[in-house]
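S.K.: I'd like to ask some things about the structure below.
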Amino acid sequence: MASGGRLNAYGALTTDTVPPYAMLISAPDIDAPGLEYQTIVVTFTDNVAVDVATLGDSNLTVTRLNYPGDPLTASLVSVNLPTNGAVRTATYRVAARAASGTRWTTARTRSHWRHTK
């Protein structure tokens, strides 16, 4: 990086080696059949800044305890602030199944497990 006609080698070689941290804020149990989706809220924290451009559908993996090979789709709905910053909160929706119009059933209600990657 050049600054005032000088090469800023320190700035050019500095690397952020600390990865962002994700914390599950809200993931209510699915305790009744009939819902089409469930809302999950995750807070991302970084020592430098969370790059909001990197937040998307691939940030959250949702698996079910009795169906580990059949993950559910999580879609990013919103981020609390549109600019990069130390802490950003993202809201995701998890569909009951990949097909539209389906709803949670009692069997799916009892076997739901979540995690972030």
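The values are calculated or read from the model by the stated rules, or taken from the named source; none is laboratory data. Everything quoted here is computed from the prediction, not taken from an experiment. Cβ atoms come from the backbone with ideal geometry, glycine included; neighbour counts cover every protein chain shown.
S.K.: If Glu36 satisfies every condition in (1) modelled with pLDDT under 90; (2) within 13 Å of the chain's Cα centre (by Cα) but one, which is the exception?
M.R.: (2)
S.K.: I need every pair where a residue in region 58-84 that is closer than 18 Å to Tyr37 by Cα and without any contact (Cβ under 8 Å) to a residue 60 or more places away in the chain has its Cβ under 8 Å from the Cβ of a residue that is acidic (Asp, Glu) and not in a loop (DSSP other than H, G, I, E, B), sequence separation at least 6 or different chains.
M.R.: Thr63/Asp70; Arg64/Asp70; Thr73/Asp57; Ala74/Asp57; Ser75/Asp57; Leu76/Asp57
S.K.: If I ask for residues that are small (Gly, Ala, Ser), assigned to a loop (DSSP other than H, G, I, E, B) and either loosely packed, with under 13 Cβ neighbours inside 10 Å or modelled with pLDDT of 85 or more (or both), which ones from region 14-33 would you list? Lay out the reasoning, then the answer.
M.R.: Just the residues of region 14-33 that are small (Gly, Ala, Ser), to begin with: 22, 26-27, 32.
Filter once more, so that each one left must be assigned to a loop (DSSP other than H, G, I, E, B): 27, 32.
The answer is Ala32, and nothing else.
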